Amino acid sequence: MRPLINQSEKELVRSLRQGDMKAFDELYYRYLPKLLGFAYNYLSDELEAEETVQVIFIKIWEVRNTLDENRNFKSYLFQSVKNQLLNKLRDQKKNCTIEDIPEKFCVSTENIFEKITYKELEDTAAELIKHLPKAQQKVFVLNKIDGLSPDEIATRLCLSKRTVEHHIYLATKFLKGELIHKTSLYGPLLLFFL
């Protein structure tokens with residue numbers, strides 16, 4: 001039973017800062033499945049993925065009194081798992097030589113970093129899209145995600161093409177500004193998304 005299931009993330013982080021184990025448990029169970037999936041996606045090993053996520057939650061408990069309740073805790077968790085994955089890759093790289101690895105298993109860590117970064121960018125953008133005004137959100141999703149042209153959107157939503165283009169412009173401008181402000185790692189990936 002999860003007695004704090006209805007509490008907001010902010011309330012849970014506030015309680016966690018004060019050492020509330022029930023708040024910690026709720027945050028753990030709330031985000032564990034997605035974090036495990038995220039780690040497994042890059043490690044392809046359930047035990048390693050679980051170990052990676054467990055390490056992060058241990059660190060969260062250890063630094064609980066420094067957590068900022070106004071910061072997006074979910075993003076903080078995913079960033080922590082990403083950093084742990086990158087550290088694990090770096091450490092594995094130190095322990096072996098290229099000759100030890102069969103060529104068919106050679107994977108570029110840059111590719112993995114790009115995948116992790118792109119996934120994080122997608123998640124952040126999806127959160128930001130939810131904050132757009134409803135009309136802008138609908139037009140942006142139809143254009144950028146569903147691939148409809150401004151003419152098709154205008155017909156579907158009974159709007160002028162100019163209005164549709166204006167919504168796309170405003171939404172894109174907002175998202176670019178927020179993504180650039182929130183993330184310094186994404187750089188060129190922003191060009192592909194927007």
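Order the peptides 142-149, 169-176 from the highest to the lowest mean number of other Cβ atoms within 10 Å of their residues. Can you show the working numbers first?
Values: 142-149: 14.4, 169-176: 16.5.
Top to bottom by mean Cβ count within 10 Å: 169-176, 142-149.
Under the 0.36 nm per residue contour assumption, what length would be gained going from the current alpha-carbon distance of TYR169 and GLN79 to full extension? If you can, show how the numbers build up before the last one.
Details: separation 90, 0.36 × 90 = 32.40 nm, distance 2.94 nm.
Separation in residues times 0.36 nm, less the Cα-Cα distance, equals 29.5 nm.
Once you have a ≥ b ≥ c as the square roots of the Cα gyration tensor eigenvalues for segment 6-61, tell me rounded if a/c is under 1.5, and otherwise prolate or oblate according to whether a/b is larger than b/c. Prolate, because a/c is 1.5 or more and a/b exceeds b/c. Heavy-atom accessible area per residue, segment 10-64, 1.4 Å probe: how many Å²? On a per-residue basis, segment 10-64 sits at 57 Å².
The values are calculated or read from the model by the stated rules, or taken from the named source; none is laboratory data. These numbers were taken from a predicted model, which means no experiment stands behind them. Note that we place each Cβ from the backbone using ideal geometry, even for glycine, and neighbour counts take in every protein chain shown. Accessible surface is based on the protein model in full, side chains and every heavy atom, while ligands, DNA and RNA are left aside. Shrake-Rupley method; radii C 1.70, N 1.55, O 1.52, S 1.80 Å.
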